[in-house]
């Protein structure tokens, strides 16, 4: 919900500027995958703060629980077992909205004001404007938004926009016991990440690095990965995420061009009528020839 | 056929054909306006006609199914009159004369002219694709059964087909306004003999053959 209505940089399906008089600092959540112990406190805190509850599910042989993001579970620890550097590694990634600088969901959304991007970088869904078409699901390069079976509205992580608006950190950050999750200005988070990466490299993780994919303009949720060269190891975190070219074409050039072409087709008809004129049948002939 | 020909007018469409056409037409207009509303924000206000944006999203695909069924009946009825002939190619080459109302020496047109035939096949193609892609993107019922790349492709194709058919139908509607005497065929079912001789001489010959005893 919008508490920060003066700092909206982008609003879905809106062609005029949104209220953006107030300028705020870009924020970011940094997820240090290398420090995560998989306790799921962040998952619980998320549901707690947002007052949502997941259904009790069944075990399918993985610690990942629930099995996927849902309209109730906006963040999820995904567990993967791999053999990197000749040893078993248990890679745990906290999945959820990445809060892209160039959000595919917002680009795809046809409903004015259903998706909002704030100056601080948070991409928020305003479900009261959501019409349930699911275009955002197609627009998202990270497979994040979930359509609720209850109300046909789409839900995802808000980066606790309500808490951040009043100067609090997101609920997941507050709950993390190992400081694998930290929150602050994007600048500070990059600096902090670089310290962590230097430390990891010293300890033998040569490919440690920051995940802040440029294909979506960077994100406001970033990862420190031990294997930044292979993000797919972490339950298919995309290597070079971009808004799908199909969606880009549909919502980019095609949308205004097709709209203009339809308008001009109708206009051409009118101009034809007032220049060439109608094609009339001489009915007099008819009377002569029975 | 129970055709009824008076000295001045000839039957062109039966009441059931007219009903079928207008069900297709009404559902098409509803689909075009509800679809355009969700295509570009400049037309989002069309959603108000359908009871708001969420209702627009809910109703659009169901109306689409109705139009598909209605159009299928129409297509089944008319497809055999819509094969392109050599004359049609000549007619199309002289489209410049056609739009300038210069009809002298144009090849003889049967029940439908080449423009009408091309629109018919365009509609066959786009409406089939609109149905198929429409099912793929239909939430909450079907979209989640398809891989996301297929959904994305379907969304783009749905928009492209809709664009093509909307432009086609604008031409179709305009042609009915431009060629005087045409609208009556779909409203009352009849056209004048002079209209038939002028615009569809081949068809005129066929339907009046039986009159010469």
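Just so you know, all these numbers are worked out from the coordinates, no wet-lab data involved. These numbers were taken from a predicted model, which means no experiment stands behind them. We place every Cβ from the backbone using ideal geometry, glycine too, and count neighbours over all the protein chains shown.
Annotations for the structure displayed:
- Convex hull per residue volume in Å³, alpha carbons only, for chain B: 149 Å³
- Residues A:99, A:67, A:126, B:200, sorted so that the one with the fewest Cβ neighbours within 10 Å comes first: A:67, A:126, B:200, A:99
- Inter-centroid distance (Cα atoms) of the range A:41-82 relative to the range B:94-139, Å: 53 Å
- Of A:270, A:125, A:254, the residue with the greatest mean-square motion in the GNM of chain A, using alpha carbon springs below 10 Å, is A:270.
- If R0 is taken as 41 Å, the Cβ-Cβ distance between residue A:15 and residue A:67 corresponds to a FRET efficiency of 0.55.
- Two-site label geometry, residue B:85 and residue A:48: point separation in nm, points 7 Å out along Cα→Cβ: 8.1 nm
- Value of relative contact order over chain B, rounded to a whole percent, pairs C-alpha under 8 Å and six or more apart: 26 percent
- Length gained on full extension, residue B:8 to residue B:209: 70.8 nm, using 0.36 nm per residue less the C-alpha separation.
- Distance in nm between pseudo-label sites at residue B:16 and residue A:202 (7 Å out along the Cβ direction from Cα): 8.7 nm
- Rh (Kirkwood; distinct C-alpha pairs) - chain A, Å: 21.3 Å
- Other protein chain Cβ atoms within 10 Å, averaged over every residue that makes up A:272-280: 5
- In the elastic network of chain A, a GNM with C-alpha springs shorter than 10 Å, the most mobile of A:242, A:274, A:216 is A:274.
- Rounded, prolate or oblate (a/c below 1.5 giving rounded, otherwise prolate when a/b exceeds b/c) for the range B:41-99 by Cα gyration tensor: oblate
- Averaged over peptide B:167-173, the number of partner chain Cβ atoms lying within 10 Å of each residue's Cβ comes to 3.
- Centroid-to-centroid separation of the range A:11-35 and the range B:19-72 [C-alpha atoms, Å]: 35 Å
- Calculated [θ] (222 nm, deg cm²/dmol) that DSSP helices of n ≥ 4 give over chain A, each run adding -39,500 (n - 2.57): -7500 deg cm²/dmol
- Scoring B:6-14, A:70-78 by mean Cβ neighbours within 10 Å over their residues and listing the highest first yields A:70-78, B:6-14.
- GNM flexibility winner over chain A from A:115, A:144, A:58 (Cα, springs under 10 Å): A:58
- Per-residue ellipticity at 222 nm computed for chain B from its helices equals -21000 deg cm²/dmol, with DSSP H segments shorter than 4 residues left out and the rest contributing -39,500 (n - 2.57).
- In degrees, nearest ten, helix A:255-275 long axis to first principal axis of chain A (Cα): 10 degrees
- Sequence-distant contacts, meaning Cα pairs under 8 Å at least 6 residues apart, place the relative contact order of the range B:65-127 at 43 percent.
- The separation of the range A:122-137 from the range B:144-172, counted between C-alpha centres, amounts to 21 Å.
- Shape summary: the protein assembly as shown maps onto an equivalent ellipsoid whose semi-axes, from the alpha-carbon gyration tensor, are 61, 21, 20 Å in decreasing order.
- Other protein chain C-beta atoms within 10 Å of residue C-beta, averaged over B:92-105: 1.
- Label-reachable residues, the range B:32-51, where backbone N falls under 14 Å from a point 7 Å from residue A:264's Cα toward its Cβ: none
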